[in-house]
Amino acid sequence: LAYMLRDSGAGLVLTMSGEGRADPHAAARLAARLGIDSGRVVDVGEAMAGGPGLSDENPNLHVPPDALAYIIYTSGSTGRPKGIVFDHRSVLAGIRNYTNAFHITAGDRLTLLHSISFSSAMVDIFCALLNGAALYPWNVKTQGLAGLESWLDAEAVTICDWVPTPFRYFADALTGQTRFPHLRLLVLASEAVTGREVALHRAHFAPGSILVNRLGATETYNYRLFFIDHDTPLPVDGSLVPAGYPVPDKHVLLVDEAGRQVPTGEPGEIVVKSRYLAR
C-alpha cells in the first residue's frame, strides 16, 4: 500500500472504520502504518457521522473524456505492481460493451464477489451504477461460501460475475434441486473456463440462464465473449471453452516474437488494438 501511494502520487487516502461508525483515531492509525501525514487520510465513517468542515455542495467539476478515471494496480506477481491508468472515455466504452452484450437494465441485480482492488470489480461496480441497476457485495474471504446460495436467492440476483476456481468450490457443494430462478447470467473470467464449469452450471442453474466465458485483461477491459446455454454442445470435462467472439472496437491479433501475425492454429502472443485501452 505504501509503495502504491508513493508510485501513484495519491494526495488523499480514504478509509472506512467500523462499518460506518465514527472512529476518531482510525485515520491516525492508518497514517502511521503507511508512513504518511495524518492530514492525507480521510475516514469516511467519521465524515458520514458529520465530521467538521465537510461540504455537501455539488462541486460542479468539469470532467473531460480524457481525464483520469482511476489507477488500478496489478498483483506484482512478475515484479513490482504496475499502475494501470484509465481515462473516462475508455472506461465508458468498456462498460458500454458489457451493457450491450449482457442487456443490462435498471432492473438487474449484480453481484460484487471480487475484491475491489481487482479489475473485474470495476466492471461489476460501473455496470451496476451507470445503468441504474443494483450492486450486491459479498465478501467471500470473511463471509465464506456457506450462506451464498440462500443469499443469491433471497436478493434475487440476476447477474453473477465470478472466477472459475471459487465457483467450482461453491457449485460442488450444491444439491441437485438448486435452480436460482432469478439468475439469467453466470459470467466467469480471469481463469480458463472448462467443461467442468459448464456441467456444474447445467446441473444447478435454471435452463433459461446463460454461462458466459469472458476474456479480458486489466489494461483492455473485455475483448472476447462466449455464450453457452443449456443446449450448447457440452465440451469434455477439463477441455477448454472457446475464448469466444469479438466485442466492438477491440481488434485482436496473435503475433510471434518478431511481431508478425501467426498462421491459424499456431500459438502467439495476444495483441489488442483499440482506441479504448489503458494509457
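The values are calculated or read from the model by the stated rules, or taken from the named source; none is laboratory data. Since this is a predicted model, take the numbers as computed values, not measurements. Here the Cβ is made from the backbone with ideal geometry for all residues, glycine too, and neighbour counts use every protein chain on show. To get the accessible areas, we keep the full protein, side chains included, count just its heavy atoms, and leave off ligands, DNA and RNA. Shrake-Rupley method; radii C 1.70, N 1.55, O 1.52, S 1.80 Å.
Does the range 143-163 contain any residue that is closer than 20 Å to A192 by Cα and among the charged types (D, E, K, R)?
Yes, the range 143-163 contains at least one residue that is closer than 20 Å to A192 by Cα and among the charged types (D, E, K, R).
Quick one: in the range 235-251, of everything that is touching a Lys or Arg at 6+ places or on another chain (Cβ under 6 Å) and within 25 Å of F102 (Cβ to Cβ), which residue is most open to solvent (accessible area, probe 1.4 Å)?
Here the answer is H251.
Between a residue in the range 229-251 that is touching a residue at least 24 places away in the same chain (Cβ under 8 Å) and any residue that is open to solvent by 70 Å² or more (accessible area, probe 1.4 Å), which pairs come within a Cβ distance under 8 Å, given they are 6 or more apart or on different chains?
Going by the 8 Å Cβ cut-off, the qualifying pairs are H230/P207; D237/R196; G238/R196; G244/F227; P248/N100; D249/R275; K250/K273.
Taking the range 215-234 on its own, how many of its residues are open to solvent by 50 Å² or more (accessible area, probe 1.4 Å) and either under 24 Å from the mean Cα position of the chain (by Cα) or modelled with pLDDT of 95 or more (or both)?
Looking only at that region, the number is 4.
Considering only the range 18-29, how many residues are modelled with pLDDT under 80 and open to solvent by 50 Å² or more (accessible area, probe 1.4 Å)?
Qualifying residue count for the region: 5.
Kindly establish whether S117 is among the hydroxyl-bearing types (S, T, Y) and farther than 27 Å from K82 by Cα.
no
Taking L211, is it in contact with a His (Cβ under 6 Å, 6 or more places away or on another chain), open to solvent by less than 40 Å² (accessible area, probe 1.4 Å) and not in a helix (DSSP H, G or I)?
Yes; evaluated as a whole, the condition is true for this residue.
Considering each of D249, D237 in turn, give the residue that is assigned to a loop (DSSP other than H, G, I, E, B) and within 24 Å of the chain's Cα centre (by Cα).
When all the criteria are applied, what remains is D249.
From the list S77, S38, exactly one residue is polar (S, T, N, Q) and under 25 Å from the mean Cα position of the chain (by Cα). Which is it?
Just one listed residue meets the conditions, S77.
Among the residues of the range 252-269, which ones are in a strand (DSSP E or B), surrounded by 14 or more Cβ atoms within 10 Å (Cβ to Cβ) and without any contact (Cβ under 8 Å) to a residue 24 or more places away in the chain?
L253, L254
Scan the range 30-65 residue by residue and report those that are farther than 30 Å from L92 by Cβ, at pLDDT below 80 and surrounded by 10 or more Cβ atoms within 10 Å (Cβ to Cβ).
G45, E46, A49, G51
Look through V212, V236 and report the one residue that is out of contact with any strand residue (DSSP E or B) (no Cβ under 7 Å at 6 or more places or on another chain) and of a type outside the set (D, E).
Unique residue meeting the criteria: V236.
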